Amino acid sequence: MFSKMKTGTKVLTGFAVATAVMLVVGIVGYWGISKLTTSLEDIAAVRMLAVQYVQEISKGGEKIKAAQRTLLNTRITPQVRARQYENVADARKTYDEAWKHYEALPKTPEEAQLWQQVVAAWEKWRNDNTEFFRMMKEFEASNLGDPYELRDQITHFSNDHHRLISNVAQMLCDKQVFEGGEDHTACAFGRWKAKQNIDNPELKAALAAIDEPHRKFHETIKKAKQLVASGQSEQAQQVFKDELLPASAAVQKGFQQIGAVTDKALELLAKAENQALVVCRNSQFAANEPLDKLIVLNKDLATDQHKQAQAAQSTATTLMIGVMVVGAVFLGVLGVLIGKSISKVLTALGAQTKQLTEAAVAGKLDTRGDPQSVTLEFRPIVEGFNATLDALVRPLKVAAEYIDRISKGDIPPKITDTYHGDFNLIKENLNRCVEALSGLI
């Protein structure tokens, strides 16, 4: 089939194959680039953003947890406490925005299922946080500052006044007057009370209730000391029994009332601590578990997409190399075949030319070329050679025949065939010769 094709057709076939190879390489390259682009877009526009948004949600939860721990510290200043509520508001705003962005991203079925778990767990955790902040606001509304410190101070004040009773009792026994205890404004409790600016109604009422018993307590100590100093020990003992002990009981009762206010605040704080460190902690763990799984899942999906992109790139590269190699081999073979075909034709034409040339030199004017020895496309060349020889030899044969007849005394008739150029000149010369000879006979 190939040998019967024309040379132009063979060349066009070669160009067509080269074009087809280029087209296939382009299509494979475009497919590989499209696959790679799609994978990279999925990684950059979906998976990495998903990881970023989920991490922002998780970080928002951690910031709120840190604010809760700080708020439980009763020694922080009001400014620091206010800043924690600002941090909570900022954290909620940040994770709400990340939440909206993540919800808008496309999700796999497994990812969508995990997200539903996050939604339910996160809602519970947020409600638990809201309850904690409500408790803290209720505690802060007591305006007691640090209730732990207040409790310790009240305990210390109570012990101071018990110690004064012991000092008076000892004084009554050994008749030795001790220093201090006479001025209710000079004792630790009196000095502390004078500096307080209390906003808590219950504490303010308790302090107001203890004021008179406390004043009387110290005045009675003063009275007892004066009696002992003047040698009136029996009267001093009577004052101790009738006045000082009842005053001491009233003072201790006042301290107990202040302690009750403090205990109430500490009870609120304990509930808030349990809410933060147990309830909120557990619900946050429950929310973080599917969040962490979402992060791992999206990282795995990004890794899979990257592997798919690499595989597509490798496949495209292999296909392009394969197509180019096959195309190069095919074009090489086609080139060799075309070269051999043309070489064969040229060799055959050269052989026919040589044959005709040798025959002409040898005077074998009847020798002709063989058109069948070359391909159909080049047969007109050999046939043209034969037609040329026919056009050349025919007049020569006519001239040879006339000369042969004239030499034998046979005068032939004039040549009437039509000739052109030099052959026509030969014809005219022969006709004149025939005419001259005819006139001599």
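Output the residue which, of all residues in region 164-205 that are under 60 Å from the mean Cα position of the chain (by Cα) and not charged (D, E, K, R), is surrounded by the most Cβ atoms within 10 Å (Cβ to Cβ).
203
Please enumerate the residues belonging to region 206-227 that are surrounded by fewer than 16 Cβ atoms within 10 Å (Cβ to Cβ) and over 29 Å from residue 262 (Cα atoms).
222, 226
Those residues that are surrounded by 13 or more Cβ atoms within 10 Å (Cβ to Cβ) and among the basic types (Lys, Arg), I need them from region 145-163; list them, please.
Within region 145-163, just 151 meets the criteria.
Is at least one residue of region 219-226 small (Gly, Ala, Ser) and within 18 Å of residue 153 (Cβ to Cβ)?
no
Test residue 186 against the criterion of being in a loop (DSSP other than H, G, I, E, B) and aliphatic (A, V, I, L, M), and give yes or no.
Working: in a loop (DSSP other than H, G, I, E, B): yes; aliphatic (A, V, I, L, M): yes.
It is true that residue 186 is in a loop (DSSP other than H, G, I, E, B) and aliphatic (A, V, I, L, M).
Could you check how many residues of region 229-279 are surrounded by fewer than 17 Cβ atoms within 10 Å (Cβ to Cβ), of a type in the set (Gly, Ala, Ser) and farther than 19 Å from residue 209 by Cβ?
Qualifying residue count for the region: 5.
Quickly run through region 197-237 and pick out the residues that are assigned to a loop (DSSP other than H, G, I, E, B) and within 16 Å of residue 170 (Cα to Cα).
231, 232, listed by residue number.
Can you tell me which residues in region 380-398 are crowded, with 16+ Cβ neighbours inside 10 Å and either of a type in the set (Gly, Ala, Ser) or in contact with a Pro (Cβ under 7 Å, 6 or more places away or on another chain) (or both)?
Across region 380-398, the qualifying residue is only 382.
Would you mention how many residues in region 329-362 are at pLDDT below 75 and either outside any helix (DSSP H, G or I) or within 49 Å of the chain's Cα centre (by Cα) (or both)?
2
Exactly one of these conditions fails for residue 370: (1) more than 30 Å from residue 338 (Cα to Cα); (2) exposed (fewer than 14 other Cβ atoms within 10 Å of the Cβ). Give me its number.
(1)
If you go through region 257-315 one residue at a time, how many are among the β-branched types (Val, Ile, Thr) and more than 40 Å from the chain's Cα centre (by Cα)?
Residues that pass the stated criteria total 3.
The values are calculated or read from the model by the stated rules, or taken from the named source; none is laboratory data. Treat the numbers as computed from the prediction; the structure is a model and nothing was measured. When we count neighbours, we look across all protein chains shown, and the Cβ atoms used for this are built from the backbone with ideal geometry, even at glycine.
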